[in-house]
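The values are calculated or read from the model by the stated rules, or taken from the named source; none is laboratory data. These figures come from a predicted structure and were not determined experimentally. Reconstructed Cβ throughout: ideal geometry from the backbone, glycine too, with neighbour counts over all protein chains shown.
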There are 4 protein chains.
Amino acid sequence: MINVGVLGATGAVGQRFVELLADHPWFHLQTLTASERSAGKPYEKVVNWRLETPFPDEIGDCIVSPTTVEAVADLDIVFSALPADIARSLEAEMADAGLIVCSNASSHRMDPTVPLLIAEINPDHTGLIDVQHDRGRDGCIVTNPNCSTIMLSCSLAPLLPHGIRDVKVATLQAISGAGFDGIPGMAICDNVIPYIGSEEEKMSEEPRKILGTFNGSEIEPITFPISASCNRVPVIDGHMLSVWVEAECGVEEAKKAFENWAAPFSGLPTQPDKTLHIFSQPDRPQTRLDRNLGDGMTVSIGRIREGIRYTAMGHNTIRGAAGSSVLNAELLKKKGYI
Amino acid sequence: MINVGVLGATGAVGQRFVELLADHPWFHLQTLTASERSAGKPYEKVVNWRLETPFPDEIGDCIVSPTTVEAVADLDIVFSALPADIARSLEAEMADAGLIVCSNASSHRMDPTVPLLIAEINPDHTGLIDVQHDRGRDGCIVTNPNCSTIMLSCSLAPLLPHGIRDVKVATLQAISGAGFDGIPGMAICDNVIPYIGSEEEKMSEEPRKILGTFNGSEIEPITFPISASCNRVPVIDGHMLSVWVEAECGVEEAKKAFENWAAPFSGLPTQPDKTLHIFSQPDRPQTRLDRNLGDGMTVSIGRIREGIRYTAMGHNTIRGAAGSSVLNAELLKKKGYI
Amino acid sequence: MINVGVLGATGAVGQRFVELLADHPWFHLQTLTASERSAGKPYEKVVNWRLETPFPDEIGDCIVSPTTVEAVADLDIVFSALPADIARSLEAEMADAGLIVCSNASSHRMDPTVPLLIAEINPDHTGLIDVQHDRGRDGCIVTNPNCSTIMLSCSLAPLLPHGIRDVKVATLQAISGAGFDGIPGMAICDNVIPYIGSEEEKMSEEPRKILGTFNGSEIEPITFPISASCNRVPVIDGHMLSVWVEAECGVEEAKKAFENWAAPFSGLPTQPDKTLHIFSQPDRPQTRLDRNLGDGMTVSIGRIREGIRYTAMGHNTIRGAAGSSVLNAELLKKKGYI
Amino acid sequence: MINVGVLGATGAVGQRFVELLADHPWFHLQTLTASERSAGKPYEKVVNWRLETPFPDEIGDCIVSPTTVEAVADLDIVFSALPADIARSLEAEMADAGLIVCSNASSHRMDPTVPLLIAEINPDHTGLIDVQHDRGRDGCIVTNPNCSTIMLSCSLAPLLPHGIRDVKVATLQAISGAGFDGIPGMAICDNVIPYIGSEEEKMSEEPRKILGTFNGSEIEPITFPISASCNRVPVIDGHMLSVWVEAECGVEEAKKAFENWAAPFSGLPTQPDKTLHIFSQPDRPQTRLDRNLGDGMTVSIGRIREGIRYTAMGHNTIRGAAGSSVLNAELLKKKGYI
């Protein structure tokens, strides 16, 4: 078993990490870190468990550690659910100290030596780990993209060989994306908020890197523009996207591209049977009904039609955060980095 | 006072008509029609009033009429909240019989002799009424557009002189748009449904006519394409739109165009102080907070930025239906058609 | 394997039956019935699957049967999710024809020869099956109570030996209790409806029978009064109850009674580890967080305090309907009735 | 005109005060106070207006004051929406300095010399103001009860002459009761929380004083017990109560008592036509449909039936807070205290 820890284990994404790792076939969840206030106490006493899945009792009496390099020094992998400002220096120190840091934080995503990884989409970007090693780092940082970006990038992958020229995307995003306490009930009940700070910028920038080409030393980004309009809607989990893609193919060719696309490998523990599920019903995917497909790891695509327009939807804290990060770690193991 | 009636007075849009007309300064609400089942009974006994504004007691003991030409023969105007299939022949008969029919139904919207009217946007399209008269009709039919189309068209008007080349729009629409019983609670709570039947087609077609030019005998439609993706979200009232407009102006010019645009007339009873309200805050308009601006008749615009992208939002059963229809009737009165 | 079928397999409770039976260790789901309109077609073509759990593909091409005695004649058990009016005669015919009918319908619940069964609470009431046999019926009808009644009865069981004198209960019930199309979104979003037809009567009457004593030939009902006020709230699944019990014990004794109560048997496939889960946190159980405890079969109890007041909560379509019915069938098997 | 101010003018209740006072016929809203951070800036720059009614522009450039005795020294009345901990000493200082303090805070509610006032229910309790004066205070403090307590007390008033012996009440309370940021969206969407801190205690204690008798020097409290179970439900505004009253009258007598009860005076500007509205329909009052009756000042009663059980509902931030406080001030004016 590979010893792993979760940094920031009490928050919304942290709890998802714990849920996914508590009973993992390859990873032994040994360390949970949180703020000073929580350190030294059993996890079950400090976490306010707010997932609908029952609390994993086996990890309940794990004594929470402070979020320091020392606390995780004997682990193989740490999964980071830290806020971006704390993550920046701390994740770098941990990677320098030899740890593999799989991070959901945004701090290092656009660092040219750090893979911005979606396991099934750009697995060869793990090559950047060697670049980090070459620069003298013992461990490495591997990041997963922003939640909405993951859904968008997964949905663009099949069309990439068909000459994408322009992308426009409007999002309808769940409130869990802002963390447990991020959005007051008074702010979102019976309401839509047409703004999510920094989200549109991330959706424009991150896919350039994700969908770009690793040339052995760096990523050559894709060049078509992506324009996003992000909205918060009153749903708990699941980000839905209305996408327009201008490409050099017709809609029938696009449909075939979606249906024929398959992940380049299979069999990792957290990998769903289908990374993409293509719906033919006119009114699917729907957020509540389809967010749990593939245990929350499948991105659902539907309504592919003239435009080219389509709808994409996925679970924002599983496929869009903790689940993708765990899958990235499984890919590293498969590739021999662990 | 001008004697008016409401066709289909018990439904979601019908109740809005009653609310707006119960105390109108020009119009006397004399007749309410509904299905055979309700005819002959007092309105307060057959309506299940579901608006948040209190029931207008003064109309409570009005005896409901069947929806027939005879029942409304002595009126000046009828406002139609009928389903499209029933509206088609019945509205034509009523117009032939000399009535002014202000209709929210979709049946006659694309008829080349029928104005598809938003009072402040294309008031000269009332000229088509003369075309109807010339063809031997004593009265006339005047329609208002689909709810989402009204928000979109109002928001496009200021940019029209700036060379619009392409429009893409994603909608986040309220459940009241489907009528009181249209969408089960189980279908929409904690959910997004990425499909509304016929809505995208209406949004592509109707604005061509609305924003077109009346040449004295017919409407010359605008020609730029409009591509829509329509989503239902769990809000009660208020349709929000994420819009992209490709035009021959920059974003600063567009902002000025929005701010400088004003309705071509003022002072009609149902007309809001501002047809468009331009927000500068980054997170406005919001559906629940802003849908009641101008008593539900103002279309809110915000987040005008590079793209050109912006957000538009308005109350779907007031500005988007009954309110726009009543305002259309007020315009006809002002123009001397009544 | 025991061959079973589901009557009314396309509705809200019917789908829960299919979900629970598709992969059952003892029961082979062989027959699905629905209305004439659906009969003859594969289940996956006629069902609009609306549960968050993925559709059970293995049952997808099962050809739907009409809801007749002939269609189920070769089965051992039928689970009934029929409407009460249809259930009355049809369930009786099936039982007469030798079938074991486990019904969620209300039609036969108060029939003095029919067990109103909650497996862990009144398992000896299965003795009424012999009464049915004695009266010449080859099969039998076994019913489970109304959804809210199940939560209430489970929660009263531990206090029964302590001299209950009076019960008052206010409910906060989920919309799934009214079926998929039962409550319009417009009726329930941002709203509470303080009325559910016939629910308060069921909650007053059914527990008298459930908690009564089987004397070998009939049930002697309990005699304390139960007064209920039922409210519909905007949650998808999970009924919450605020309960007052006047009993001959103090609150500390009541707490111990709850904590020490245990189901009289264990190990049935659908039985949860704990029929009752007692929370000590002041703000639990919560509907969304706790409705899935024990795979939806656990009734959660919390806030036991002076009054004696407490909160009870459970999943209304699993513990409160299909799940309890399946568990009842498992009890019959264990007791040798199958 | 009487010069008034609002203490804590930017919060949920503070905004309701501003809404109600911006255009008041007797009171001139002169001063708005907030935290140090906001002081010195125009109100429109520091308030995040979150009511559905449009922002009252006439008060927008009012410069916000710090919350000190000096800042309000020249006013006649201050309305307090302060947190309880801040309110305690500050309200006392202001009253000592000669101001009339109408407070929504809980700090002084149970002070034996402070009226806990619902204008139409216990108007003679204003006599306690003389007690305050006798003790050397130049001004006075007058409080309104907790939001749920107001609904309960209004509903109990008609039954008081009929020998109430016991009251049990379960509440279904709106999220606005916890302030704008009080309850995270993640905590309440698709959920019920069966706990509101200190609420049940307030509902047991405050009505004893409100419904008690003023004997010229103090309040003699009523003595029957009130037992409350408080639940938070996902609605924006409006608290609903399921009430049981054990009294010395039958249900028909109770119905008559409700129907015949009338406020002891009429004509105050904020007073609704009917303090109590009695519904006869089985499914009313409903929260969203009826919370705005009487501009939010009417308490709706329905489902009066055997038990004696009934449902009561009212707007928690208008009738249940700011509106009742403003009405109290109007009563003081009418009684000559101002």
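Quick check, is A:LEU21 free of Cβ contacts under 8 Å to residues at least 40 places away in the same chain and either under 30 Å from A:GLY294 (Cα atoms) or surrounded by fewer than 21 Cβ atoms within 10 Å (Cβ to Cβ) (or both)?
The answer is no for A:LEU21.
Taking only the range A:12-29 into account, find how many residues are of a type in the set (Phe, Trp, Tyr) and part of a strand (DSSP E or B).
Total meeting the criteria: 1.
For D:MET186, which of the numbered conditions (1) touching a residue at least 24 places away in the same chain (Cβ under 8 Å); (2) within 11 Å of chain C (Cβ to nearest Cβ) fails to hold?
(1)
Could you tell me which of the residues C:ILE141, C:ILE118 is free of Cβ contacts under 8 Å to residues at least 60 places away in the same chain and among the aliphatic types (A, V, I, L, M)?
C:ILE141
Pick from A:GLU253, A:GLU248: which is over 20 Å from the mean Cα position of the chain (by Cα) and either assigned to a loop (DSSP other than H, G, I, E, B) or within 14 Å of chain B (Cβ to nearest Cβ) (or both)?
Answer to the check: A:GLU248.
Counting residues that are within 14 Å of another protein chain (Cβ to nearest Cβ) and buried (at least 23 other Cβ atoms within 10 Å of the Cβ), which strands (runs of 3 or more DSSP E) fully inside the range B:86-183 reach at least 3? It would help to see each step written out before you state the result.
On the way: elements: B:100-103, B:140-143, B:166-173.
So the answer is B:166-173.
I want to confirm something. Restricting to the range A:35-54 and keeping residues that are surrounded by 13 or more Cβ atoms within 10 Å (Cβ to Cβ), over 23 Å from the mean Cα position of the chain (by Cα) and not polar (S, T, N, Q), which single residue is nearest to the other protein chains (Cβ to nearest Cβ)?
A:GLU44
Kindly provide the set of residues from the range C:286-338 that are among the polar types (S, T, N, Q) and assigned to a helix (DSSP H, G or I), ordered by number. Explain how you work it out, then say what you get.
As a first pass, look at the range C:286-338 and keep what is among the polar types (S, T, N, Q): C:286-287, C:292, C:298, C:300, C:311, C:316-317, C:324-325, C:328.
Matches in the range C:286-338: C:THR287, C:SER324, C:SER325, C:ASN328.
Could you please find all residues in the range D:43-85 being of a type in the set (Gly, Ala, Ser) and not in a strand (DSSP E or B)?
D:GLY60, D:ALA71, D:ALA73, D:ALA81, D:ALA84
Restricting to the range D:24-43, name every residue that is modelled with pLDDT under 95 and out of contact with any strand residue (DSSP E or B) (no Cβ under 9 Å at 6 or more places or on another chain).
Passing the criteria: only D:ARG37.
Hey, among the residues in the range D:232-242 that are more than 8 Å from chain C (Cβ to nearest Cβ) and assigned to a strand (DSSP E or B), which one's farthest from the chain's Cα centre (by Cα)?
Top of the filtered list is D:ARG232.
Taking only the range C:39-56 into account, find how many residues are of a type in the set (Lys, Arg) and free of Cβ contacts under 8 Å to residues at least 12 places away in the same chain.
1
Among the candidates C:ALA84, C:ALA105, single out the residue that is within 17 Å of the chain's Cα centre (by Cα) and at pLDDT below 95.
After ruling out the rest, the residue left standing is C:ALA84.
Which of (1) surrounded by fewer than 21 Cβ atoms within 10 Å (Cβ to Cβ); (2) under 24 Å from D:THR223 (Cα atoms); (3) not aliphatic (A, V, I, L, M) is the odd one out, the single condition D:ASP283 does not satisfy?
With (1) surrounded by fewer than 21 Cβ atoms within 10 Å (Cβ to Cβ); (2) under 24 Å from D:THR223 (Cα atoms); (3) not aliphatic (A, V, I, L, M) applied to D:ASP283, the lone miss is (2).
Which of the residues spanning the range D:286-306 are of a type outside the set (D, E, K, R), surrounded by 21 or more Cβ atoms within 10 Å (Cβ to Cβ) and over 19 Å from B:LYS45 (Cα atoms)?
D:THR287, D:LEU293, D:GLY294, D:GLY296, D:MET297, D:THR298, D:VAL299, D:SER300, D:ILE301, D:ILE304
Matching residues to (1) out of contact with any strand residue (DSSP E or B) (no Cβ under 6 Å at 6 or more places or on another chain); (2) not basic (Lys, Arg):
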residue	(1), (2)
A:LEU128	yes, yes
A:HIS133	yes, yes
A:ASP138	yes, yes
A:SER148	no, yes
A:MET151	no, yes
A:SER155	no, yes
A:HIS162	yes, yes
A:ARG165	no, no
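Filter the range C:294-322 down to the residues that are within 21 Å of C:ASP166 (Cβ to Cβ) and among the charged types (D, E, K, R) and list them by number.
Matches in the range C:294-322: C:ARG303, C:ARG305, C:GLU306, C:ARG309.
Could you check how many residues of the range B:225-275 are more than 30 Å from D:GLY185 (Cβ to Cβ), in contact (Cβ under 8 Å) with a residue 24 or more places away in the chain and either among the basic types (Lys, Arg) or crowded, with 17+ Cβ neighbours inside 10 Å (or both)?
Qualifying residue count, the range B:225-275: 17.
In the set B:ARG319, B:ARG303, which member is basic (Lys, Arg) and closer than 14 Å to B:LEU152 by Cα?
Testing whether each residue is basic (Lys, Arg) and closer than 14 Å to B:LEU152 by Cα leaves just B:ARG319.
Give A:GLU205, A:GLU220, A:GLU200 a once-over and let me know the one that is in contact with a strand residue (DSSP E or B) (Cβ under 7 Å, 6 or more places away or on another chain) and more than 11 Å from chain B (Cβ to nearest Cβ).
Only one candidate passes the filter, namely A:GLU220.
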